[in-house]
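Notes to accompany the following structure.
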Amino acid sequence: MNRQEQISLSQLYALFIITIIGSAIVNIPQPLLNAAHNGAWISILLASLLGIILLCCIHVIYLKYPDLTIFEYAKRILGKWLGTFILIPFLSMPLILLPNIIADIGVFFTSTMMKETPNYVFNLIIIFTAAMTVKAGIEVMARLFTFLLIIMCISVIIVLALVLPLYHTEFLLPMLPDGWKPVIHGAYISSSFPFTDVVFLSVLLPFTRKEQGNKTGSRLFIAFLFATGSLLLVTICSNMILGNVAGNMKYSLYQLGRLINVGEVMERVEMLIGITLIVGSYMKASIILFSLTLGISQVFGLPNPKILIYPIGWIIFFLSITMYADQSEFIENVSVIRPLMSVVVSVIPILILTIAALVKKSITNIE
């Protein structure tokens, strides 16, 4: 990835939004509603606080090291060996997250539209489409993804608008039928998916053009609010239509599309949501693959990150079809293991780097 490649601030915001909602906008309502029931929207708000903390930390370090990725400034702040010691576990996050995204696309296809086709066919198509996109460079990614994000948002708005007659606000009550414990459980699940994915912003920021008078921090916060609001909207709408069964219906937004019937002229438009999931997951997979290949090259001092794209693509493909024996094991990983792992390998390193950068700055000012 050539550092001479640069993207505009608006493209950065688009990539940031995709990083958060890419695959989550279709996937997140079901596990949250299953765990927190009517309090799922409160779980999202609580989990978003972690995302805000990470966003603030990343922006603080960016102001001090605007031209460096996390893989570069970690070594600058902590030294070569300690920085590498923190970064190697950090790299395990995209290495595990990426196969999860690819595997989920395969499961979606084989459980909804093409039930007789093996998972690995879809996994292979998506990962190597993402690899070719990353190979083209971040400028191409940013231009393409900005356009696709607009289409993705329009598709979701159309579906939510067409099911308007089916909304039942009474399904939102009681708000906390089982107290706060399920809400905290839901916040634990959504803290890692998708809010710890904010850390990938630390890889994208150095590729942004430095524009005079820009307000990067405040606008990133607005982009974060937009992403969080989108997740809140689809979760609440899913709850208002599906009620108590929402927590048992995977791909809740897709299920809403199946309910659309406008005068027997427009019905079964769930394909829009299918496209949304595929496009969103593809874009997020591309961003994570970009971060992973760049991170490995910078941590281990490789001259050209692009030579890693296809080898890592093959590794991700094989992981996506071998990591989990069945769907229940996949769900356990996402809802139980990954939240704890994300805190250990991504949140704690970001906090350590932020504190170390502030301490280093204070010592420099005193001297």
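With respect to the stated conditions, N239 fails to be surrounded by fewer than 20 Cβ atoms within 10 Å (Cβ to Cβ), polar (S, T, N, Q), out of contact with any Lys or Arg (no Cβ under 7 Å at 6 or more places or on another chain) and farther than 30 Å from L78 by Cα. Annotation note: Cβ proximity below 9 Å between a residue of region 337-358 that is over 13 Å from A74 (Cβ atoms) and crowded, with 20+ Cβ neighbours inside 10 Å and a residue that is charged (D, E, K, R) and at pLDDT 90 or above (sequence gap 6+ or interchain) occurs for S342/D197. Can you work out which of the residues in region 59-96 that are exposed (fewer than 15 other Cβ atoms within 10 Å of the Cβ) and among the hydrophobic types (A, V, I, L, M, F, W, C) is nearest to the chain's Cα centre (by Cα)? Restricting to residues being exposed (fewer than 15 other Cβ atoms within 10 Å of the Cβ) and among the hydrophobic types (A, V, I, L, M, F, W, C), the top hit is I88.
When V262 is tested against the conditions (1) surrounded by fewer than 18 Cβ atoms within 10 Å (Cβ to Cβ); (2) within 30 Å of L12 (Cβ to Cβ), the lone failure is (2).
If you go through region 292-314 one residue at a time, do you hit one that is under 26 Å from L15 (Cβ atoms), at pLDDT below 85 and within 17 Å of the chain's Cα centre (by Cα)? No: region 292-314 contains no residue that is under 26 Å from L15 (Cβ atoms), at pLDDT below 85 and within 17 Å of the chain's Cα centre (by Cα).
Restricted to helices (runs of 4 or more DSSP H) entirely inside region 6-105, those with at least 2 residues that are within 28 Å of S230 (Cα to Cα) and of a type in the set (S, T, N, Q) are 9-21, 29-36, 40-64. Here region 109-144 is the region considered, the condition is being among the polar types (S, T, N, Q) and over 20 Å from Y13 (Cα atoms), and the residue that is farthest from the chain's Cα centre (by Cα) is T117.
Working only within region 204-224, note down all residues that are outside any helix (DSSP H, G or I) and β-branched (V, I, T). Don't jump to the end; show me each part of the working.
As a first pass, look at region 204-224 and keep what is outside any helix (DSSP H, G or I): 208-215.
Scanning region 204-224 gives a single hit, T208.
Checking each residue in region 225-258 for being hydroxyl-bearing (S, T, Y) and either assigned to a helix (DSSP H, G or I) or closer than 19 Å to T196 by Cβ (or both) picks out T228, S230, T235, S238, S252, Y254.
Across region 209-221, the number of residues qualifying as touching a residue at least 40 places away in the same chain (Cβ under 8 Å) and either basic (K, R) or surrounded by fewer than 22 Cβ atoms within 10 Å (Cβ to Cβ) (or both) comes to 8.
The values are calculated or read from the model by the stated rules, or taken from the named source; none is laboratory data. Owing to the predicted nature of the structure, the values given are computational and were not obtained by experimental measurement. Positions of Cβ are backbone-derived with ideal geometry, glycine not excepted, and every protein chain shown enters the neighbour counts.
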